[in-house]
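The values are calculated or read from the model by the stated rules, or taken from the named source; none is laboratory data. Being a predicted model, the structure only gives us computed values, none of them experimental. Backbone-built Cβ (ideal geometry, glycine too); neighbour counts: all protein chains shown. Heads up: the accessible areas ignore ligands, DNA and RNA and are worked out on the full protein's heavy atoms, side chains in. Shrake-Rupley method; radii C 1.70, N 1.55, O 1.52, S 1.80 Å.
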Amino acid sequence: MNRNSIHTAIFTAIWFALITFIIVGVQVNTIDGSMQWHPGRAVFIAIVSFLLSLLWQRVFTVQDIDLTEAKNARNTFWIGYFTHGKNIFRKIRTVGIEAKKKHKTVLLLIISIPLLFLPLLGLYQTKVITSVLVFMLLALSLNVVVGLGGMLNLGVASFFAVGAYTYALLNYHYHVGFLIGFIAAALVSLITGVLVALPVIRLKGDYLAIVTLAFGEIVRIVLENWSSFTFGPSGISNVVRPKFFGMTLNLQHVTGYIYYIAFIVVVLAMFFINRLEHSHYGRSWEAIREDGLASQAMGVDLAKTKMLIFAIGALLAGVAGVVLAISTGYINPKSFTFWQSIIPLCIIVLGGMGTMSGVLLGAIILVWLPEYLRVFSDYRFLVFGIILVVMMIFRPDGLIRKTRKEYQ
Amino acid sequence: MSFEFFLKVFFGGLTKGSIYALIALGYTMVYGIVKLINFAHGEIYMIGAFTALILIEALTVLNMPFVAIIVCAVLVAMVSAAAYGYSMEKIAYKPVRSAPRLSALISAIGMSLFLQNYVRLAQTSSFLSFPKILPTFQFVEKVSYLNSSQIIIYFFTVIIMIGLTWYVNFTKTGVSMRALSQDRVMAMLMGIKVDKIISITFMIGSAIAALGGILVSAYIGQINFYMGFLAGIKAFVAAVLGGIGNLPGAVLGSFILGFSESFGTIFVSSDYEDVFAFILLILILLFKPSGILGASEKEKV
């Protein structure tokens, strides 16, 4: 920690205090013309940016420091040991929790056994975990498209909405039961996925992301405005809940039952994706993710493969929609905004793209924890934003690093 | 439909187009140089408007003359938006410049999310009314299909367009920008300071976006932390429409988008106003992925 870096940090602190002062330090209310001053907030920002600046400089200089230099520094001055010797930041960026097969099985067992008996904990816990499972499914869907297929899909909420609305509307207009509704919703979202994929698979990278985002917004706006069919912003209430072999369950039992359905669906989805990933389809996904042109030259049908990826992603998101519809019993367009596409993205970015355990970890951190940290619920999306940026800078691979399968 | 009504819709579309142009210019400049969709650009536009609102309220208390307040507020808002743009680039985009494109895009989305919620938490999540700062001209008020605010918006758009064209084509920095967008490594070898040019690009784009934000808020009369999201996306659509990375293209795309929205609401349905932009985007990308004025990129193998 030399003088230079402290100077930079002080400058950064003043800079951020200054530029954020107008927005943060003064709060206006144009309705009654009142104004509140918050000078304390500016001081807080200055202190935080001072500390973060020191940290930031360390992270970026530590990598470039030669090891011998670090050794000398350690001998001469204890601060040198502090700054150069403990190369903790390099570790942050390089050390990976590498998911090994043995660990994975043990981990899954540890997680899943208590989950089997979860409904005993009560209604609230069961509902919370069900919503975590819904987002896990969404993240799994995105994991196929983004993590395995390498196509950034920002419209996963649209397939989510298609699944949920197909189920709810079939039920409302035609009184279709759970099982048929479930299958129909899955099929309809699969078909939507293919239909969306048809035009967009020719696009690359950023353009693909924007078009999927546009599609997500179109679906939401149509749902909001097509009042005669989708009931507009008020949504559909009293979505039918599944019966247990023809028996109608009371609230507590049906919550548990839906939880088990969600649980089984997630497990099946994971199994399904895992098998696909290690089939020849999975290998072609990996090939087109790394280099589309080269894989095409080697005989991979680019269009077909991309369409399959999109269709599987849409199918999973649609199923997640059905689970959401039955677990809340009420859906409206507000449940399918852009943020519902962003949360799964955050989950896979944090957890580790393309890894199954990453999805689990990410969903637990980003969906399950906030339920118990209600005090901070206002800060949730602020933190999500920070997570996305910080992860991209320091650990683009996510917490759990994907290990490549080696073929002998 | 009477001719009067047609003119009203026409000028409405022109206004929308001008606003989109002010945002799309920044988008397209940044994209041309760093090949990054600056998702947070719409947020800068929102922050510019908020800064101006706060300054106007604060300075009114100090009893300054009205014109001085507005000039001061607009200038400070533009400078502060430029500062936000600069810091944003340094924090979120510079470290991922050499990373895959997907990383940069996700980082940009994160920045957008952060800035949006930063304003929501620091200010408010409800709609605020924005003071009427645009002057009214007597000679325009007699015309039924046009109002003074629109005239001012056109005026600023034209000024910015001319200024930017001059800047990019005839100044040294502008030439460096163009060089950078053609070939970054070569530009670096020719002694162009890449970091500096990128920072300047971000600052100019942000300042223009802030001006756009202030004009829109004064025109519509209200402001909200969420206003930047949709505006940003639509401006991006406009930039893609005209060929991203191309300044005249961005303006052309913005006007096409403005007119199609304005006439679309009349002829189809006002409920689906926002859908037109997205459908247009999908169609354009399908049939001419490089946009109307954009040069098609050849893939190097």
Exercise. Relative to the longest principal Cα axis of chain A, at what angle does helix A:156-174 sit, 0 to 90 degrees, rounded to 10?
Worked result: 20
For this session: Report the extension gain between B:Lys90 and B:Leu230 in nm, rounded to one decimal, defined as 0.36 nm multiplied by the number of residues separating them, less their alpha carbon distance.
Result: 47.9 nm
Exercise. Magnitude of the Cβ-charge dipole of chain B, K/R +1 and D/E -1, about the Cα centre, nearest 20 debye?
Worked result: 860
Seminar exercise, completed: Computed over chain A, the Cα gyration tensor eigenvalues, each multiplied by 5 and square-rooted, give semi-axes in Å (largest first) of 41, 29, 22
Problem set entry | Theoretical FRET efficiency, 1/(1+(r/R0)^6), r = Cβ-Cβ of A:Val390 and B:Met190, R0 30 Å, to 0.05 | 0.30
Problem set entry | Label point distance in nm, A:Ile31-A:Ile10, each placed 7 Å from Cα along Cα→Cβ | 4.5
For this session: Go through A:Tyr167, B:Ala58, A:Leu137 and say which Cα lies farthest out towards the positive end of the charge dipole of the protein assembly as shown; charges sit on Cβ, +1 for Lys and Arg, -1 for Asp and Glu.
Result: A:Leu137
Exercise. Modelled label-to-label distance, B:Ser270 and A:His253, 7 Å Cα→beta-carbon offset: nm?
Worked result: 5.2
Seminar exercise, completed: With only helices counted (DSSP H, runs n ≥ 4, each -39500 (n - 2.57)), the per-residue ellipticity at 222 nm for the protein assembly as shown, to the nearest 500, works out to -23500 deg cm²/dmol
Exercise. Taking square-rooted eigenvalues a ≥ b ≥ c of the alpha carbon gyration tensor, is region A:267-408 rounded, prolate or oblate, where a/c under 1.5 means rounded and, failing that, a/b exceeding b/c means prolate?
Worked result: prolate
Exercise. B plus A alone minus the pair: what accessible area, both sides summed, probe 1.4 Å, in Å² to 100?
Worked result: 5400
Exercise. What shape does chain B take by its C-alpha gyration tensor, where a ≥ b ≥ c are the square roots of the eigenvalues and a/c under 1.5 counts as rounded, a/b above b/c as prolate, and the rest as oblate?
Worked result: oblate
Exercise. In whole percent, what relative contact order does region B:3-287 give with Cα contacts below 8 Å and a gap of six or more residues?
Worked result: 40
For this session: Determine the per residue accessible area of region A:261-344 with all protein chains present and a 1.4 angstrom probe, expressed in square angstrom.
Result: 40
Exercise. What percent do you get for the relative contact order of region A:145-234 when only Cα pairs under 8 Å and 6+ apart count?
Worked result: 38
For this session: Can you send over the carbon and sulfur percentage of the accessible area for region A:103-216, probe radius 1.4 Å, protein chains only?
Result: 79
For this session: Would you mind working out the accessible area per residue for region B:3-287, using a 1.4 Å probe, and quoting it in Å²?
Result: 38
Exercise. Taking every pair of alpha-carbon atoms in region B:65-218, what share in percent sits in each 5 Å bin, from 0 to the bin with the longest distance?
Worked result: 1, 8, 12, 16, 17, 15, 12, 9, 6, 3, 1, 0
Problem set entry | Spin-label zone in region A:122-140 - amide nitrogen under 19 Å from a point set 7 Å from the Cα of A:Ile110 along the C-beta vector | none
Exercise. At 4 °C and 1.567 mPa s, what whole-number value in µm²/s does Stokes-Einstein give for the translational diffusion of the protein assembly as shown, with Rh from the Kirkwood sum over Cα pairs?
Worked result: 47
For this session: Have a look at B:Leu75, B:Ile192, B:Ser254 and report the one farthest towards the positive end of the charge dipole of chain B, computed about the Cα centre with Cβ charges (Lys/Arg +1, Asp/Glu -1).
Result: B:Ile192
Problem set entry | Inter-label distance for A:Leu51 and A:Ile180, nm, one decimal - labels placed 7 Å from Cα along Cα-to-Cβ | 6.1
Seminar exercise, completed: Sorting A:Leu154, A:Leu123, A:Gly216 by the position of each Cα along the dipole of region A:112-255 (Lys, Arg +1; Asp, Glu -1; all at Cβ), the one nearest the positive end of that ordering is A:Leu123
For this session: Under 1.5 on a/c is rounded, so check that first for region B:1-99, then, if it is not, pick prolate when a/b is larger than b/c and oblate when it is not; a ≥ b ≥ c are the square roots of the alpha carbon gyration tensor eigenvalues.
Result: oblate
Exercise. Which of the residues in region A:211-235 lose at least 20 Å² of accessible area when you go from the chain alone to all protein chains together (probe 1.4 Å)?
Worked result: A:Val211, A:Leu213, A:Ala214, A:Glu217, A:Ile218, A:Ile221, A:Val222, A:Asn225
Exercise. In region B:110-147, what residues drop by 30 Å² or more in accessible surface going from the chain by itself to the full protein assembly, probe 1.4 Å?
Worked result: B:Gly110, B:Leu113, B:Phe114, B:Asn117, B:Tyr118, B:Arg120, B:Leu121, B:Ala122, B:Gln123, B:Leu128, B:Ser129
Exercise. Leaving out ligands, DNA and RNA, what percent of the accessible area of region A:304-408 is carbon and sulfur, probe 1.4 Å?
Worked result: 65
Exercise. Given the C-alpha centroids of region A:267-281 and region B:165-235, what is the distance between them in whole angstrom?
Worked result: 45
Exercise. Could you give the angle, 0 to 90 degrees to the nearest 10, between helix A:280-290's Cα long axis and the longest principal axis of the Cα atoms of chain A?
Worked result: 40
Exercise. How large is the charge dipole for the protein assembly as shown, taken about the Cα centre, if only the Cβ atoms of Lys, Arg (+1) and Asp, Glu (-1) carry charge, to the nearest 20 debye?
Worked result: 1880
For this session: Could you work out the relative contact order of chain A, using alpha carbon pairs under 8 angstrom and six or more residues apart, expressed as a whole percent?
Result: 23
Seminar exercise, completed: Rounded to a whole %, the carbon-and-sulfur portion of the accessible area of region B:3-287 at a 1.4 Å probe is 71
